[in-house]
Amino acid sequence: TIRLADVRKSYGDYDVLKGIDATVARGEVVVICGPSGSGKSTLIRTVNRLEEINSGSIFFEGQDVHAPMSGRDLNRLRSRIGFVFQSFNLFPHLSAVDNVAMSPIRVKGVPAAEAREKALKLLDRVGLREKAESYPAQLSGGQQQRVAIARALAMEPPVMLFDEPTSALDPEMVGEVLSVMKSLAAEGMTMMCVTHEMGFARDVADRIWFIDGGQIIETATPEDFFKNPKHPRAQRFLADLR
Ligand code: ATP
Ligand code: MG
């Protein structure tokens, strides 16, 4: 589904991504972890072209993500790749249901009534049916993040990207967001998740990519990664978590 080949990216003369080669298969859940500043966010943002790359290529379902394309084609591409950020980025002036319904109406031309109906189903799925008419400011962080997930799902993307979706949340709200992500994974969604939640990684990931200094220096199943990390830097990273 997603294939990265020798992806390189620098800011000025600072190399952030130093040749990333990796594949995410359909239905696979990849957890990306590694130290702060190692390039995790940059990497995941290149996949839906929120960041440009300097060289290499990224293919999403056969399409070259970084090929020259019109703004319209780029929007169409992005609408097929759900993205959930650390900060929830909901539209403050729209209710939960309108946040979720907006893109299908605006981008896909879905009739408003139909989009709202589907939005209510999605809010139900993330456990927020009763908050449909609430505005973001009236919701907790965990609730806002679940609305953000529902909003991404409204476009029916075959892939979801998450960049530390729980790290801005109070601890008691982390679980509700992880459990939504867990159920998505169980339904077969292809996912790339940057997260420090190692319990989630252990339970849900098919593969872990450990990134350090702009390179993926280890990929492993969670069993192997947690029991028997091979790279010294991965060993140190795990030791520091304990
Ligand atoms: P964290 O765990 O703290 O979120 P990260 O692994 O996501 O870290 P990135 O945000 O990808 O790291 O950043 C990788 C490196 O690139 C960092 O050294 C960062 O300072 C640098 N960087 C990121 N964005 C920019 C930018 N717009 N201009 C210059 N340098 C940048
Ligand atoms: Mg980051």
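Laboratory data are not the source of any read-out in this text; all were calculated from the coordinates shown. These numbers were taken from a predicted model, which means no experiment stands behind them. Glycine gets a Cβ as well: all are built from the backbone with ideal geometry, and neighbour counts include every protein chain shown.
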Amide H neighbours of GLN215 at under 5 Å, excluding residues fewer than 5 places away on the same chain, with H built from the backbone geometry, are LYS18
Convex hull volume per residue for the chain, taking Cα atoms only, in Å³:
127
Enumerate by residue number the GluC sites (Glu not before Pro) in the range 53-133 meeting two conditions: DSSP loop (anything except H, G, I, E, B), and at most 15 other Cβ atoms within 10 Å of the site's Cβ.
GLU61, GLU133
State the antiparallel share, in %, of DSSP beta bridges confined to the chain, rounding to the nearest 5.
55
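Note the full-extension length gain between GLU187 and GLU223 as 0.36 nm times their separation in residues minus their Cα-Cα distance, in nm to one decimal. Before the final figure, lay out each step's value.
Details: separation 36, 0.36 × 36 = 12.96 nm, distance 2.16 nm.
The GLU187-GLU223 span can extend by a further 10.8 nm.
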Which whole-Hz couplings ³J(HN,Hα) result when phi for each residue of the range 133-142 is put into the Karplus expression 6.51 cos²θ - 1.76 cosθ + 1.60, θ = phi - 60°, listed in order with x for Gly and Pro?
8, 7, 8, x, 5, 8, 10, 6, x, x
